[in-house]
Amino acid sequence: MRTSLKQVLHCYSAIAALMVLSLMGCGYDIYAQEEGSSPLDLGKRVVPDVVGLVVGPSFQSVSGSLTTSCPCTFNGGIGAGFIAGVMYEKNLLAPSTAWRLGMLNVGARLLYEYRGISSAFREYEINTFRSDKQPNQTYTLPILYRHLAEVQYSMLTLSPYLTWNPFAFGIIQPFVQLGVQGGLFLYGRARHTKFILDGVVRLPTGEEAIVEFPHPTDPSLPGSDSRVIEDVAFRLPNPLQLATSIVVGADIPLGTRFRLSVMGNYLIPLTSMKLGIVQPPEQDTTFAVSAWQIMLALKMNMD
């Protein structure tokens with residue numbers, strides 16, 4: 001009985017000591033929660049900075065019109081190109097006891113962009129033909145032509161953005177980005193080509209006439225069904241181009257340090273382009289370029 005009573009007294013003493021420590025705020029459980037060592041508690045998370053390489057195709061859509069020196073006016077247009085560059089991201093907010101809305105990062109992309117745009121239209125032009133059977137007789141007939149404008153240009157773009165990853169768990173982690181792109185125009189070239197679509201016409205006399213462009217240097221040589229009307233380099237009067245960037249993507253882990261990001265980027269232009277091909281520049285030589293880009297980024301943690 002004495003031993004049992006002594007053990008009971010020791011138990012009461014230990015319980016009392018734990019109660020005093022709890023009132024003084026010295027419990028080990030509280031310290032562990034602050035450090036985030038428990039897998040059940042969010043705690044404080046350290047997220048490393050990220051660097052990466054970015055490549056991918058780019059697809060353009062044009063609103064507005066382009067005037068060449070014909071003068072010919074081309075409305076709208078589509079095209080394709082590519083992008084290549086680097087990126088950097090730094091964590092702003094990570095999941096914790098105070099922030100439970102996923103991951104929030106700030107970052108920027110520095111890219112070289114090449115863009116190609118094509119626009120075309122068809123029209124009939126009146127051509128005059130002389131009859132071989134009746135040399136003194138001429139006929140005027142409508143001939144269908146196709147006009148093609150091709151514009152290629154390059155830019156160096158910088159896009160600061162915010163990234164929100166709503167889920168901080170799982171193998172594939174989706175995210176959205178919102179940013180602004182500033183593009184510095186580097187170089188551009190525009191070409192206007194005219195094609196003959198009605199290569200053979202029939203005269204009222206029953207004769208067939210071949211429609212072609214004569215050889216540019218020797219009329220005795222065979223002609224062709226196309227001719228380059230204009231091929232000029234240009235620089236924009238407003239070299240700084242601005243756009244809003246909206247990105248939806250997902251991260252796929254490649255080991256513990258690397259990951260692959262697959263992203264779709266939609267660029268909404270905030271400024272328009274004035275090529276100034278016609279001198280003095282025509283009023284309708286203004287168009288804006290929207291872009292859809294598929295970006296592949298190989299990211300690496302810097303820790």
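The values are calculated or read from the model by the stated rules, or taken from the named source; none is laboratory data. Bear in mind that the values here come from a model prediction, so they are computed numbers and not experimental data. Virtual Cβ from ideal backbone geometry, glycine too; neighbours counted across all protein chains shown.
Residues checked against (1) assigned by TED's automatic domain parsing to the domain that holds Asp49; (2) farther than 25 Å from Thr157 by Cβ; (3) modelled with pLDDT of 90 or more; (4) among the aromatic types (Phe, Trp, Tyr):
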position	(1), (2), (3), (4)
Phe185	yes, no, yes, yes
Asp218	no, yes, no, no
Leu242	yes, no, yes, no
Ala250	yes, no, yes, no
Leu260	yes, no, yes, no
Ser272	yes, no, no, no
Gly276	yes, no, no, no
Pro281	yes, no, no, no
Ile294	yes, no, yes, no
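Are any of the residues in segment 169-185 more than 30 Å from Phe258 (Cα to Cα) and out of contact with any Ser or Thr (no Cβ under 7 Å at 6 or more places or on another chain)? Yes, the conditions are met somewhere in segment 169-185.
In segment 285-303, the residues that are outside any strand (DSSP E or B) reach residues that are loosely packed, with under 15 Cβ neighbours inside 10 Å with C-beta atoms within less than 6 angstrom, at least six apart or across chains, in these pairs: Met302/Pro48; Met302/Asp49; Asp303/Pro48.
Scan segment 225-269 for residues that are among the aliphatic types (A, V, I, L, M) and within 12 Å of the chain's Cα centre (by Cα) and the total you get is 7.
Look at segment 47-65: where a residue is modelled with pLDDT under 90 and a partner is polar (S, T, N, Q) and in a strand (DSSP E or B), sitting 6+ places away or on another chain with Cβ atoms under 6 Å, you get Val47/Asn91; Pro48/Asn301; Gly64/Thr286; Ser65/Thr73; Ser65/Asn75. For segment 92-104, the criterion of a residue being of a type in the set (Phe, Trp, Tyr), outside any strand (DSSP E or B), in the same structural domain as Phe121 (by TED's automatic domain parsing) and more than 24 Å from Val262 (Cβ to Cβ) is satisfied by at least one position. Filtering Val232, Val200 for residues that are touching a strand residue (DSSP E or B) at 6+ places or on another chain (Cβ under 7 Å), loosely packed, with under 13 Cβ neighbours inside 10 Å and aliphatic (A, V, I, L, M) leaves a single hit, Val200.
Exactly one residue out of Leu156, Leu162, Leu144 is over 29 Å from Leu270 (Cβ atoms) and either part of a strand (DSSP E or B) or without any contact (Cβ under 8 Å) to a residue 12 or more places away in the chain (or both): that is Leu144.
Does Arg115 satisfy being in contact with a strand residue (DSSP E or B) (Cβ under 8 Å, 6 or more places away or on another chain), farther than 19 Å from Val248 by Cα and assigned by TED's automatic domain parsing to the domain that holds Asn238? The answer is yes for Arg115.
Inspect segment 217-224 for any residue being under 35 Å from the mean Cα position of the chain (by Cα) and surrounded by 13 or more Cβ atoms within 10 Å (Cβ to Cβ) and give the result as yes or no. So far as segment 217-224 goes, no, none of its residues is under 35 Å from the mean Cα position of the chain (by Cα) and surrounded by 13 or more Cβ atoms within 10 Å (Cβ to Cβ).
Any chance you could count how many residues in segment 123-141 are among the hydroxyl-bearing types (Ser, Thr, Tyr) and part of a loop (DSSP other than H, G, I, E, B)?
The qualifying residues number 1.
Among the residues of segment 143-150, at least one is farther than 19 Å from Ala297 by Cβ, touching a Lys or Arg at 6+ places or on another chain (Cβ under 7 Å) and aliphatic (A, V, I, L, M).
When the residues of segment 106-136 are narrowed to those that are farther than 22 Å from Gly56 by Cα and basic (Lys, Arg), which ends up surrounded by the most Cβ atoms within 10 Å (Cβ to Cβ)? Write out each step before concluding.
Just the residues of segment 106-136 that are farther than 22 Å from Gly56 by Cα, to begin with: 119-136.
Narrowing further to those that are basic (Lys, Arg): 122, 130, 133.
Values: Arg122: 10, Arg130: 13, Lys133: 9.
If we take residues in segment 106-136 being farther than 22 Å from Gly56 by Cα and basic (Lys, Arg), then Arg130 is surrounded by the most Cβ atoms within 10 Å (Cβ to Cβ).
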